[in-house]
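Down below is the structure, laid out as structure tokens.
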Amino acid sequence: MTRARLAVLAVLSAFATAAVLAHAGAGPRPALAAALLQRAALVRPPAPAPVAVATAAPVPVADARAAGPSAPAPVVPAAPAPVVPPTPAEAAAPPTPTPTPTPTPAPAKPSRIGHVFVIALTGPGYQATFGPGSPATYLTGQLRPAGALLSAFAPVDGADLPNYLAFAGGQPPNAATRSECATYADFPSDAAPGKDGVLAGDGCIYPNTVLSIGDQISSSGGQWRAYAEDLGAGPAAAASCRHPVVGGADDTLTDRPGDGYATRHNPFVYFHSLLDLSDCQADDLPLDRLTTDLGSANTTPRLAFIAPDLCDSGSAIPCADGRPGGLATADAFLAKWVPAILASAAYKRDGLLIVSFLSGPAPNPGPARPAPTGTLLLSRFAQPGSLYAKSYDPYSLLRSIEDLLALKPLAKAAGADSFARVALRAAFAGG
């Protein structure tokens, strides 16, 4: 059966199921119907192949200050004016407002990358992480020379949760998310997204009219999964989709001995579109499930989001179990899990591993843009040892993955700069 027929069948199935649920009356079923109809709008038959557009080839640029003395000669794409990564003094300077970028259309067909792995970490800042003397010796000594480094990648907010939600759904910070949603609360019942997909107002759990990248991948016929460390270590021994009761306090804000799970580092539990359709229960899983799923390319999800616990993510310093925490502990986590990902059949076939420091040094809620933290891309489609100094953020991360998978950009990702065709140009060769 052709992809076009599969897409049409997916639409008809979603609408038929939604109609049955809506007709069933009271209870949660109308909400499920709304979520299904919302998803059905995402399913589109594949468009004709786009006309190839010539682009300038990358130009070698020496940038030993950012790449470190032992790194290979970095590469940046041709640009009207070269940009260099910030020095520590520049990183500490007040942010300079930048114009809103002009939205660009999503690709009409997927790239050659079919499996994306994202490891989300907290970093002390770009220079401390990737510069000389970094305690992250595995990251800088083994991974950095093999990948493409986004030196000016920066969080959108000083708190953790806004950055994770910007990545998962393109939604901007609000007062509740800037407080890490200490109370796990719904948005007001009358909250609705605007024409741009952005939900204004204050709240934590988005209504089912607001979609995530998980919804997009499910609607396109693929599978996503989140793998959260210590998800099953809580007092309730959750098997999947761990979160507080709606309206209740979040008891995972700080590290605990034997349980470092953080709700705020698991963004998919903040979307009713996933909670109401049981996607969260099926695909938001403990970290050890990743080992099983990496067993073959067919069992590896199209998007694998990996959330270390508060200690292994670099958030806790020191950790509740006595480990030092911070960047050195996060580096040990990478040394344990990255080799298994790189050795998997899915990664070897068409994979991309993104090691992203989504969060900055210390929580500083507010509108000021945090300093760069950096993001590393590992793939056979990336230039080893290359460096890209253009500014990117979690909206860009979402937009780039959407571009790679030919998905329509969500909310603020529509206006974000994408690094997909810049740092992963080879993945679009021939398309």
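The values are calculated or read from the model by the stated rules, or taken from the named source; none is laboratory data. Everything quoted here is computed from the prediction, not taken from an experiment. A quick note on method: Cβ atoms are made from the backbone with ideal geometry, for glycine too, and the neighbour counts reach across all protein chains shown. Heavy atoms of the whole protein, side chains included, go into the accessibility calculation; ligands, DNA and RNA do not. Shrake-Rupley method; radii C 1.70, N 1.55, O 1.52, S 1.80 Å.
Some observations on this one:
- Flag for P363 being open to solvent by 20 Å² or more (accessible area, probe 1.4 Å), modelled with pLDDT of 95 or more, part of a loop (DSSP other than H, G, I, E, B) and under 23 Å from L327 (Cα atoms): no
- The residues of the stretch 386-399 that are touching a strand residue (DSSP E or B) at 6+ places or on another chain (Cβ under 8 Å) and open to solvent by less than 20 Å² (accessible area, probe 1.4 Å), listed by number, are S386, L387, Y388, A389, Y392, P394, S396, L397.
- Filtered by the rule that a residue be buried (at least 24 other Cβ atoms within 10 Å of the Cβ) and free of Cβ contacts under 8 Å to residues at least 60 places away in the same chain, the stretch 143-175 gives a lone residue, P162.
- Of everything listed in (1) out of contact with any Gly (no Cβ under 6 Å at 6 or more places or on another chain); (2) farther than 20 Å from L407 by Cβ; (3) open to solvent by 10 Å² or more (accessible area, probe 1.4 Å), the single unmet condition for G114 is (2).
- Among residues of the stretch 176-198 being among the hydrophobic types (A, V, I, L, M, F, W, C) and out of contact with any helix residue (DSSP H, G or I) (no Cβ under 8 Å at 6 or more places or on another chain), the one that is most open to solvent (accessible area, probe 1.4 Å) is A192.
- The condition (being in a helix (DSSP H, G or I) and without any contact (Cβ under 8 Å) to a residue 60 or more places away in the chain) is satisfied by just one residue among P339, P318, P324: P339.
- Scanning the stretch 202-235 for residues that are touching a Lys or Arg at 6+ places or on another chain (Cβ under 8 Å), surrounded by fewer than 21 Cβ atoms within 10 Å (Cβ to Cβ) and in a loop (DSSP other than H, G, I, E, B) returns G222, Q223, G234.
- Tally, over the stretch 258-286, of residues that are within 17 Å of the chain's Cα centre (by Cα) and open to solvent by 10 Å² or more (accessible area, probe 1.4 Å): 3
- Selection from the stretch 314-326 of residues that are on the phi < 0 side of the Ramachandran plot and open to solvent by 20 Å² or more (accessible area, probe 1.4 Å): S315, I317, P318, A320, D321, R323, P324
- Residue check for D350: modelled with pLDDT of 95 or more, more than 13 Å from the chain's Cα centre (by Cα) and of a type in the set (D, E): yes
- Taking the numbered list (1) open to solvent by 20 Å² or more (accessible area, probe 1.4 Å); (2) closer than 14 Å to L121 by Cα; (3) touching a Pro at 6+ places or on another chain (Cβ under 8 Å); (4) not hydroxyl-bearing (S, T, Y) in turn, Q383 passes all entries but (2).
- The stretch 288-307 residues that are assigned to a strand (DSSP E or B), paired with ones that are of a type in the set (K, R) and modelled with pLDDT of 95 or more (beta carbon under 9 Å, 6 or more apart): L303/R225; A304/R225; F305/R225
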